[in-house]
1. At 20 °C and 1.002 mPa s, grab the translational diffusion coefficient of the range 57-110 from Stokes-Einstein with a Kirkwood Rh over Cα pairs, rounded to a whole number in µm² per second.
2. How big is the range 137-202 by Rg and Dmax over its Cα atoms, in Å?
3. Seen from all sides and averaged, what is the projected area of the convex hull of the Cα atoms in the range 74-173, in nm²?
4. What angle, in degrees between 0 and 90 and rounded to the nearest 10, separates the Cα long axis of helix 81-91 from the longest principal axis of the Cα atoms of the chain?
5. Report relative contact order for the chain in percent, whole number only (criteria: Cα-Cα under 8 Å, sequence separation at least 6).
6. Order 4-10, 195-201 from most to least packed using the mean count of other Cβ atoms within 10 Å.
7. Remind me, relative contact order of the range 95-205 in percent, using alpha carbon pairs under 8 angstrom and six or more residues apart?
8. Need one number: nm distance between label points at residue 201 and residue 32, each 7 Å from Cα along Cα→Cβ, rounded to one decimal.
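Each reported figure results from applying straightforward, stated rules to the coordinates on display, with no laboratory input. Since the model is a prediction, treat every value here as computed from it, not as a measurement. FYI the Cβ positions are ideal-geometry reconstructions off the backbone, even for glycines, and counts take in every protein chain you see.
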């Protein structure tokens with residue numbers, strides 16, 4: 001997956017009471033299913049007395065439907081997890097988990113009422129979530145003269161790249177990374193500027 005996407009920067013929280021039931025909505029960064037389940041375990045430990053801990057997560061890119069999941073945690077099927085996941089997907093933000101904790105007040109909300117209750121906290125929080133763009137980089141090794149290095153560093157700055165490691169020997173040996181969306185442009189400009197004298201060799205990742 002080379003395409004950049006937005007991810008959640010920090011956890012957010014919302015709570016409300018609906019017909020004597022208390023709903024606590026937590027959204028937190030989670031870059032995998034394992035991270036999402038670890039966060040769920042934390043919330044369950046903090047709210048042991050709650051009747052339900054419903055959840056939904058997007059463990060990677062918001063376009064990657066394979067890395068998503070949800071659970072109604074004992075609520076009627078389709079009234080919590082799926083509506084929650086639908087709200088998360090609608091944000092087009094990846095790498096996050098949502099947990100809605102319900103302290104039941106004894107009054108039944110009905111199927112439609114549950115869907116609204118479990119969705120509302122997320123619909124309130126999602127438009128205000130702090131996000132940042134996640135980009136992907138490719139590493140290369142280059143070997144060049146000392147005089148060529150300044151030109152290469154300048155080129156990297158125009159292609160969202162940077163030097164990761166540099167070794168000054170008889171020549172300069174450097175490990176660099178370039179934004180994957182800029183790789184073709186970087187190689188084209190490198191060829192033009194260095195007239196084929198400097199080659200960016202792929203590093204296996």
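1. Working: Rh = 12.1 Å.
Estimated diffusion coefficient is 177 µm²/s.
2. Rg then Dmax for the range 137-202, in Å: 10.5, 32.
3. On the way: hull surface 41.1 nm².
Here the figure is 10.3 nm², rounded to one decimal.
4. 40
5. Values: 406 pairs, mean separation 46.9, N = 205.
The value is 23 percent.
6. 4-10, 195-201
7. Working: 112 pairs, mean separation 29.8, N = 111.
Here the relative contact order equals 27 percent.
8. Placing both labels 7 Å along Cα→Cβ, they lie 3.1 nm apart.
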